[in-house]
Amino acid sequence: MLLINNSGFGAYGEFPSPGIDHTLKMVDVNVRAPVELTGRLWDELKRRGGMVATVASLAGFQPTPLMTTYAATKSFMLDWSVALDAEAKRHGIRCVAICPGPVSTNFSKAAGFASSTGLGGQTSDECADEAVRGMAAHQPVVVTGWKHKILAVFSARLPKPWAAAIGLRMIQRLRLDRFVKKA
């Protein structure tokens, strides 16, 4: 049995932009939905064995200013998936956190950007191919894209306040606010 938790959307701007209702929906979709779905299917997974693949994000490796809630939800999913893998192995269940960086999808539009940010990174096919190879190798964490692998290793080892400060400067240099839809 294979369960793929691939729900999620983001937002850009200072918390709680674009609004507290949007932010709380993000928590529900990005965290609550995959946890609930996995929990409701857990007995069946234990009976049949299988895999739970959860799409986290490169953003889950560090606190990310201007995308605070999104990054925090993906950090939760990353840690949850790795911990779940450790406890589920004895039941014949493997769990994997898939952590892509930017992927050419409609994510930017759903995050409130008026147009593409130019941060497309990988194609969805490239990302999916790497994810499937990592799943077949029973890797509990699959970071897609070689540049993203380097960034994940580097940022995960920095003290969190440093990672947040560096992340803020990097994001500000990208000037992503120029892509945000005006109200």
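The values are calculated or read from the model by the stated rules, or taken from the named source; none is laboratory data. Quick caveat: nothing in here was measured; it's all calculated off a predicted structure. Here the Cβ positions follow ideal geometry from the backbone for every residue, glycine too, while neighbour counts run over all protein chains shown.
Among the numbered conditions (1) more than 11 Å from the chain's Cα centre (by Cα); (2) farther than 19 Å from Phe154 by Cα; (3) β-branched (Val, Ile, Thr), the only one that Val31 does not meet is (1). Does Leu24 meet the test of being of a type in the set (A, V, I, L, M), surrounded by fewer than 21 Cβ atoms within 10 Å (Cβ to Cβ) and touching a Leu at 6+ places or on another chain (Cβ under 8 Å)? No; evaluated as a whole, the condition is false for this residue. Only a single item in (1) assigned to a helix (DSSP H, G or I); (2) under 25 Å from Arg133 (Cα atoms); (3) touching a strand residue (DSSP E or B) at 6+ places or on another chain (Cβ under 9 Å) is not met by Met51, and it is number (1). Scanning the range 79-109 for residues that are at pLDDT 95 or above, in a helix (DSSP H, G or I), among the hydrophobic types (A, V, I, L, M, F, W, C) and under 19 Å from the mean Cα position of the chain (by Cα) yields Trp80, Val82, Ala83, Leu84. Look through the range 34-74, keep the residues that are of a type in the set (Ser, Thr, Tyr) and more than 25 Å from Glu87 (Cβ to Cβ), and return whichever of them is nearest to the chain's Cα centre (by Cα). Among them, the one singled out is Tyr70.
Among the residues of the range 21-47, which ones are over 27 Å from Met1 (Cβ atoms) and among the polar types (S, T, N, Q)? Passing the criteria: only Thr23. Among the residues making up the range 5-37, those that are in a loop (DSSP other than H, G, I, E, B) and hydroxyl-bearing (Ser, Thr, Tyr) are Ser7, Tyr12, Ser17. A Cβ distance below 8 Å, combined with a sequence gap of six or more or placement on separate chains, defines the contacts here; from the range 130-141, residues that are surrounded by 13 or more Cβ atoms within 10 Å (Cβ to Cβ) reach residues that are of a type in the set (Asp, Glu) and assigned to a helix (DSSP H, G or I) in the pairs Pro140/Asp85.
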